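Bear in mind that the values in this text are calculations on the coordinates, not laboratory data. All figures in this text were calculated on a predicted structure; none of them were measured in a lab. Glycine gets a Cβ as well: all are built from the backbone with ideal geometry, and neighbour counts include every protein chain shown.
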Amino acid sequence: MTAVAPDQLTGTALRFPQGFRWGAATASYQIEGAASDDGRTPSIWDTFSRTPGKVFEGHTGDVACDHYHRYRDDVAIMAELGLGTYRFSVAWPRIKPDGSGPVNGRGLDFYDRLVDELLAKGISPMATLYHWDLPQVLEDRGGWTNRDTAYYFADLAAAMVAKLGDRVATWTTLNEPWCSAFLGYASGIHAPGRQDAKASFEALHHLLLAHGLGVRALRAGGAREVSLTLNMTSVRPLNPADPHDQAAARHIDGLQNRIFLDPVLRGYYPDDMRALFDRFGAAHVIKPGDDAVIASPIDLLGVNYYQPALVRAKIGATAGLTNPGSEGIEEVRQPHPVTDMDWPVDPSGLYELLMRLATDYPDTPLMITENGAAYADVVEDGRVHDTDRIGFLEGHLRAVHAALSEGADLRGYLAWSLMDNYEWGYGYGKRFGIVRVDYDTQRRTVKDSARWYAEVIGRNGLE
C-alpha cells in the first residue's frame, strides 16, 4: 500500500470522477416517528427505549423528526442541497406488522410516496431493508437467534422489490450487522438488550443468512444493484513490531471486519472466527449450504466508517462485551481530537480501510454509505456554524480521494446524517445531522456544513 500523501489530506484542490454519487443517509426509526400510524406495530427499539435505564433520559422514537408526515419538506431540502442519492431504510413493522404475514398496504404506500417524491426532484432512492428495527413480535419468537427470521426477511425483501423495484435501482439488505449481533445480543447496549455471547454468534449467522436470502429475493424481483453495508474500521496494533500486539489487532479485525467480509465475499468464515462459534456453542446454527447462500454475489459493498481502532495485548485484560472472546486485548485511547461521541477523528483510517478492501477484495465496488460526526452544535442568529463538522467531512473526503487516486473502485459518498435524529441509546442527546432539527417545533435549519457540502457536490470536488 502506498502511503497517503500529506497534501491529499490538507488544502489542495481535488476533483472526483464523473458520475461519482453524492448524497446523504438516514434510518427509519431515527427519523420517521409516526410510531403507531397506519398499522405500524412496535419494533425492538420501541420496546428497548421504554426499558428504564437503556436510553438517554428515556427518549423514544415515537416522534423523532416526524419525517413520516414531513417527508416532502425534507426531500425539498435534499434537492436544495443538490443531493443525487438518498439512502433511507424501511421500517419492517410498517410493512409486515406481525413480522411474517401479509403486507400492510398503508405502510408500504409511505415508501411509494417517498420514492416518487425523490424521483420528481431528481434524487435517486437507495433503499436499505434492515436498519435495526426488527418487529417486536419476531423478537418474541427468538429474534435473530431464530433461523426463521432470516426467511421472514427474505419475504420482506420480495415484497419491497415487487412494489418499488421499477423505481429503486439500488437495494441494501442489512445495515451494520455487527451492531445488530454484538451490540444487540452480546453487550446489550442496543435493542433487544441481551447479554449472551452465544446468542450474538447465532444472531450474526442468521443475519448473514438473511442477507444472502435477501439478495436472492431481490434478484428474483429484478433488482438492478444489490449491496450490503458494513461498519468497518482499520484496526492498528499499538506496537506494530510486537507480535502480541499484531495478534491482538488481527483478532479484533476478525470480529469487526473479516467475520462479515469473508463469508460474503469469499464464501467461508475465517478459521479463527469459525472457532469462536465452536467456543461459544453456536456452531449448530451453521447448516450445509449456508455458505453458498451467504456468498450470493453483490454489486456493491457499503462502507460505514467513523473511527479507527488501536489495540494492544495485555495480560489479564477481560473481554469487552462487544467483542466476545477478546480476552487479553485492550483498546488504547488514541492521540486525536474527538467528536461529541468521544470518537477519535482520523481520516487516514478511512484511507487505510479502503485500500485494504481494494487489495483483499478487489472485485467488489465500494461506496461510502455513512460517514459523519456528532458535535454539540450551537444556534447563533438562526445559523449553525459547525466548522468542526466541515473539517471532519473535508478530511474524510480527502482520504476518499486519496484512495481513488490509488485505484480503489469507489462509486460514491453519503454523509451521515441528512438531519439530526434519534441517536439510538443516546436518544436526542447527540447531533450528527448536516440539517438541524428543533425537536420541539420540528423546524429544520440548514447548517453551514450542509451549505459547504452542497458546494462540494456542485463542483464535484474540493477547493
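General observations
- The range 316-375: C-alpha gyration tensor shape, a/c 1.5 cut-off, then a/b vs b/c: oblate
- Nearest-0.05 FRET efficiency for Glu463 and Ser36, computed from C-beta distance (R0 56 Å): 0.75
- Extension gain, Asp98 to Gln442: 0.36 nm times the residue separation minus the Cα-Cα distance gives 120.8 nm.
- Label zone at Phe56 (point 7 Å along Cα-to-Cβ), backbone N below 12 Å, the range 430-463: 430-433
- Structural descriptor for the chain: relative contact order 19 percent, calculated from alpha carbon pairs under 8 angstrom and at least 6 residues apart.
- Label positions at Ser405 and Arg266, each projected 7 Å from the Cα along the C-beta direction, are separated by 3.1 nm.
- Residues whose placed amide H lies under 5 Å from that of Met419, excluding near-sequence neighbours: Ile434, Val435
- Database remark: amide H of Gly412 closer than 5 angstrom to the amide H of Arg21, Ile368 (H placed geometrically; neighbours at sequence offset of 5 or more, or on other chains; Pro and chain starts carry no H).
- Long-range HN-HN contacts of Glu225 with modeled amide H, under 5 Å: Trp171
- Cα gyration tensor shape of the range 264-334, rounded if a/c is under 1.5, else prolate or oblate by comparing a/b with b/c: oblate
- Rounded to whole Hz, the Karplus (6.51, -1.76, 1.60) HN-Hα couplings of the range 241-249, x for glycine and proline: 8, 8, x, 6, 5, 4, 5, 4, 5
- The 3J(HN,Hα) values that the Karplus relation (6.51, -1.76, 1.60; θ = phi - 60°) gives for the range 68-74 are, in residue order, 4, 9, 10, 4, 5, 5, 5 Hz. Gly and Pro appear as x.
- Where a label projected 7 Å from the Cα of Arg279 along Cα→Cβ would reach, residues of the range 248-272 with amide N under 12 Å: 248, 251-252, 254-255, 272
- With distances taken between every two different alpha-carbon atoms, the range 368-463 has a Kirkwood hydrodynamic radius of 14.2 Å.
- 3J(HN,Hα) from dihedral phi, the range 196-212, Karplus parametrisation 6.51/-1.76/1.60, rounded to Hz, x for glycine, proline: 8, 4, 4, 4, 5, 6, 4, 5, 4, 5, 5, 5, 5, 4, 4, 4, x
- Candidate values [x] 1.05; [y] 0.92; [z] 0.97, label of the one derived for Cα Rg over 2.2 N^0.38 Å: [y]
- Between the range 167-231 and the range 418-445, the Cα center-to-center distance that results, in Å: 25
- Approximate spin-label separation Tyr151-Ala317, in nm, with each point projected 7 Å along Cα-to-Cβ: 4.2
- Across all C-alpha atoms in the range 65-141, the radius of gyration and Dmax reach 13.8, 44 Å.
- For the pair Val332 and Glu455 in one chain, pulling the backbone fully straight at 0.36 nm per residue adds 40.6 nm over the alpha carbon distance.
- Shape of the range 97-169, Cα gyration tensor, a/c cut at 1.5: prolate
- For the Cα trace of the range 123-249, dividing Rg by the Kirkwood Rh returns an Rg/Rh value of 1.08.
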